[in-house]
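Before any comments, here is the structure.
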Amino acid sequence: MAAFETTYIPVNGASFGGRLSAVVRNIVASVSAWNDVRMTRNALAKLTDRELDDIGLCRGDISKL
């Protein structure tokens, strides 16, 4: 009967797969953050000037988000 060692400890940092998954995670997080800002801007743009004033914003503030 043969035994195989299945644990691999990468040398000098993470493996290529680990780095690749980190890049993919960062891309997904960036797209998610962009979409959150986009949705917030769209929701604020639908408010009236009075409603924006109630929350302490003006139309010019929307583009600064």
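If I ask for residues that are among the hydrophobic types (A, V, I, L, M, F, W, C) and open to solvent by less than 60 Å² (accessible area, probe 1.4 Å), which ones from segment 44-65 would you list?
If the condition is that a residue be among the hydrophobic types (A, V, I, L, M, F, W, C) and open to solvent by less than 60 Å² (accessible area, probe 1.4 Å), then L44, A45, L47, L52, L57, I62 are the ones that fit.
What helices (runs of 4 or more DSSP H) completely inside the chain contain at least 2 residues that are at pLDDT 95 or above?
16-45, 49-54
The values are calculated or read from the model by the stated rules, or taken from the named source; none is laboratory data. All values derive from a computational prediction rather than experimental measurement. All accessible areas refer to the heavy atoms of the entire protein, side chains included, with ligands and DNA or RNA removed. Shrake-Rupley method; radii C 1.70, N 1.55, O 1.52, S 1.80 Å.
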